[in-house]
1. Just to confirm the filter: which trypsin sites (Lys or Arg not before Pro) across the stretch B:325-357 are DSSP coil and have at most 11 other Cβ within 10 angstrom of their Cβ?
2. Using θ = phi - 60° and the Karplus curve 6.51 cos²θ - 1.76 cosθ + 1.60, what whole-Hz ³J(HN,Hα) does each residue of the stretch A:136-150 get, with Gly and Pro shown as x?
3. Give the angle, between 0 and 90 degrees and rounded to the nearest 10, that separates the Cα long axis of helix A:223-239 from the longest principal axis of the Cα atoms of chain A.
4. Need one value for B:338-347: mean number of C-beta atoms belonging to other chains within 10 Å of its residues' C-beta atoms.
5. Looking at the P(r) of the protein assembly as shown, how many percent of alpha-carbon pairs lie beyond 56 Å?
6. Pull out a ≥ b ≥ c, the square roots of the eigenvalues of the alpha-carbon gyration tensor of the stretch A:41-115, then state rounded if a/c is under 1.5, prolate if not and a/b is larger than b/c, and oblate in the remaining case.
7. Taking N as the number of residues in chain B, what is its alpha-carbon radius of gyration divided by 2.2 N^0.38 Å?
8. Highest mean first, how do B:148-157, B:303-312 rank when packing is the count of other Cβ atoms within 10 Å averaged over residues?
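Read-outs throughout are calculated quantities, based only on the coordinates presented, and are distinct from any laboratory measurement. On a predicted model such as this, the values are computed, not experimentally measured, just so you know. Cβ placement follows ideal geometry from the backbone for every residue including glycine, while neighbour counts extend to all protein chains displayed.
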Amino acid sequence: MDGEDDISNPHMEEMCANGIGGVEDAPSSSTSTTERKNRPIISGEQLDIEAYTGLYSGRTKITRLIFIANHCDSTSMQLEALRIAYDELKKGENTQLFREVVQKIDGRLGPNYSMDAAWCATVDGKAEQKKEKLESELNAYRTNLIKESIRMGYNDFGDFYYAHGALGDAFKSYARTRDYCTTSKHIIQMCLSAILVSIEMCQFTHVTSYVSKAEQTPEALDPPTTSKLHCAAGLAHLEAKKYKLAARKFLEVGPELGNSYSEVIAPQDVATYGGLCALASFDRTELKNKVIDNINFRNFLELVPEVRELINDFYSSHYASCLEYLGNLKSNLMLDIHIHDHVETLYDQIRSKALIQYTHPFVSVDMRMMADAFKTSVAGLEKELESLIAENQIQARIDSHNKILYARHADQRNATFQRVLQTGNEFDLDVRAMLLRANLLKHEYNLRASRKI
Amino acid sequence: MEALVTQIQGLSGTASDVLSLQNLLKQADDSLHAESTRLPPFLDQLDPSKHSLGYLYFLEACTAGPVTQEQASSFLLTIARFISSCVAEQIRLAPDKFICVCKRFKDQVLLLEEPLRGVAPMLTAIRKLQLSSEHLTALHPEFLLLCLLSKCYKTALSILEEDIFEVDQPRDLFLFCYYGGMISIGQKQFRKALELLHNVVTAPMSTVNAIAVEAFKKYILVSLIHHGQFPTNLPKYASSGAQRNLKNLCQPYVELASSYSNGKIADLETYVEANKDKFESDNNLGLVKQAVSSMYKRNIQRLTQTYLTLSLQDIANRVQLNSPKEAEMHVLQMIKDGEIYATINQKDGMVRFLEDPEQYKTCEMIERIDSSIQRLMTVSKKLNVMDELMSCDPLYLAKAGRERQRFDFDDFDNVPQRYNI
């Protein structure tokens, strides 16, 4: 068989050293936060819920925990997630989510984790009071027509509603501050709040519009804010299934992001989403330039060494190990609220790309060796290749008797002649039919004209 | 009567005489019709080859009334002899009468249930009546009907090969194309059938007529057989009535087409079984069965795009045939018909698909391309001529002039004042 590609990636050794070093440093049971951040959290092993949720703060932490509780298989993980959610909710003011979580726990965690009606009542009472206070303040500001105070009043309202889980009202309040924004900093603040609420509500069209609005005021944009906006835009594209655009946005996120956007996304997520989307949608040159040689993104990839490994494997044609990493990551990715319904599509696209890339340099490929490289059976491989050929993504023909794939390049000359003859025929048919129809119309017109006269 | 006969005999010499004769005959027409029973003996006095016009008038009056059985076959002989020996220029002076006579001829032939007798005379009649080979007369559909009923399709093919551009009556065109489509289907020339049926379906019509509906049903089926797909919408130049209503009127066929496009033979066959009566009542069941078998062909053709060699067992599985033997039969048939290029290796039970061996390097191919170019140039010229004619037509200018936009004084040009309303 013809020789296989073997591109040795000089960066690979360097990155391997960094990654592995990081893994071996951290102990398995993590207590300190710094150690937690060093250990890869999104990895092939079962998700460590506490470590995972330590990456996030605010409402997204709770929604993620509830999502994990709804979708994971093991009861222990479920209860763990619900327990942490309960503790978090007690620190906040969202009684609606609290009731939801208590219902899900269903008394399985013991008496400490049951419905605390007293707490709910107190919180709701305080909320009512606060709401009245805010309203009266806002009315006062409105009668005085002090722009800045009105803006802050609406902002406080937005924060209040957000804390209590009334996302629609929160969004409306934030949107109302738009009329009272005087400096670009205000605008940025409003945009960021609106984006946050829209992401929580899963209305990503708003996200896109507010991101573009924010990007139109460049004076107040400092690097952390730009990174936040890129992340938000990336998430919006991901939801819209525009994987190429999403990948580009995630790859533009700078290292200044750090943990400043933990109400929405963690740097590990940026790496995972960006890496997978890039792998599924970029071609080889783009992959090399924007992902593998991208110094900024390298820092993110450090945090998820498995994703880094699989990208490098893909680029250097070690498909079996690449697909193995993907398989391991799958169960954890299915527990992530943003990417879980895109996992299948992305995986299929990556697998197809791997198959296409494998066959691309060869004139003939032994399907048995290819099946080994992809760890499938020859029959399964034949089916996959058949569908790819039918979609015209691979130009080849399968010799089913000897199980060899032959590259087939269309003969341009013959194809041109065929097309020429066909076009000539079609032209002939069309013009003749047209002349006939024109004649009929003329006849009808004459008939009508003569009848009128 | 005798006077008329002598006049005919006298004035059938030169063209001007014939014209005056025509006036006389027109005036005498009613009296001829009144005396129709007495006329047959006078026919013997006239010679059809010299006195065609007079003969025609007499003949038309003779056959006007009801005809008895015995008279029928003698009339048939008379008419047939007349058609073969008459002079084309003289008949063209009275085309309606001629058409009338021929139609009655056809009715008689059908009454006697011997359509074959009418085929050859009708063909001669068409050739004599036609002003040019592009002219469609009222006799064309009658001729095709006789061919269909007598099942001699080959004679019809010569008529169908000609391009039609001039039409007297739209109804003639519809019938002609419909019958022509049926004949082409009978000869398995699906491309020609598609062309003819397409003309019917997209012809300008203010209201949808029954011929178009029946033609549409066949059009769907032939489209499936020939192209393997059916375009869900009629092209934009089809009349609006057709676009809206045809699909509703042919619902089972449209559903058949969508079931075909799903690619599952089993579903298609169940659908056909379920609606067998409807297809049968339209006399389309044979065509439907052909459409179903064309699906196997389409699937096998798709396989040639993906595979170089494939075992017969695999082919049978993928195309949902029952056994490798059936697959072998299908592939063999397709190779014979020239639809695919392949070799069957019976020892291994393998089929090897080959490329189209046409290299486009032979003299025949060059001749074919050359003749194609010539034909297209002629058609193109014709189109230009028609376009020029149309641009000079006063009716068109009036309408176009009225609707033109005017932006400044320089635009007030070409179209004469009288037309600017």
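1. B:LYS347
2. Working through the residues one at a time gives 5, 4, 4, 4, 4, 4, 5, 5, 7, 6, 8, 4, 4, 5, 4 Hz.
3. Rounded to the nearest ten degrees, it is 60.
4. 0
5. 43 percent
6. oblate
7. 1.30
8. The peptides rank, most packed first, as B:303-312, B:148-157.
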